[in-house]
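Below is one structure, written out as structure tokens; comments come after it.
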Amino acid sequence: MQIFLKAYLMVVSGRVQGVGYRASVYEIATRTGITGHVRNMDDGRVEILAQSWENEKLESFLESITSVRLPARVYDVTKTEVEFSDDVRNFRIVH
């Protein structure tokens, strides 16, 4: 296992608000051991901060959030690498 300390701030576009998308992202994150948050943005998109000590877990999470099956439909994900924070110890839905 390789340790990477990676963190990404992502903005997800599509039909992602009011359809259970944040709850699905939360479930995927907690199942795969990702820390960070998910929150609705004022413009209809969703922001996700995802970080992990293991690159494989983070890549699996990134793949899973684009294929969520609900009424949700992900059209685009912009991903920016950000600084890893040791202070973020769990994953939460921000209201």
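The values are calculated or read from the model by the stated rules, or taken from the named source; none is laboratory data. Remember, it's a predicted structure, so these values are computed and weren't measured experimentally. Counting neighbours? That spans all protein chains shown, and the Cβs are built from the backbone with ideal geometry, glycine included. To get the accessible areas, we keep the full protein, side chains included, count just its heavy atoms, and leave off ligands, DNA and RNA. Shrake-Rupley method; radii C 1.70, N 1.55, O 1.52, S 1.80 Å.
Okay, residues lined up against (1) out of contact with any Ser or Thr (no Cβ under 7 Å at 6 or more places or on another chain); (2) closer than 14 Å to residue 88 by Cβ; (3) among the hydroxyl-bearing types (Ser, Thr, Tyr):
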{"position": "13", "(1), (2), (3)": "yes, no, yes"}
{"position": "16", "(1), (2), (3)": "yes, no, no"}
{"position": "19", "(1), (2), (3)": "yes, no, no"}
{"position": "24", "(1), (2), (3)": "yes, no, yes"}
{"position": "29", "(1), (2), (3)": "yes, yes, no"}
{"position": "33", "(1), (2), (3)": "no, yes, no"}
{"position": "36", "(1), (2), (3)": "yes, yes, no"}
{"position": "39", "(1), (2), (3)": "yes, yes, no"}
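Summed over region 66-95, the residues that are part of a loop (DSSP other than H, G, I, E, B), touching a residue at least 40 places away in the same chain (Cβ under 8 Å), open to solvent by 70 Å² or more (accessible area, probe 1.4 Å) and more than 15 Å from residue 10 (Cα to Cα) give a count of 4.
Every residue in region 33-59 that is part of a helix (DSSP H, G or I) and either free of Cβ contacts under 8 Å to residues at least 24 places away in the same chain or crowded, with 17+ Cβ neighbours inside 10 Å (or both), please.
Residues of region 33-59 that are part of a helix (DSSP H, G or I), as a first pass: 55-59.
Listed by number, the residues that qualify are 57, 58, 59.
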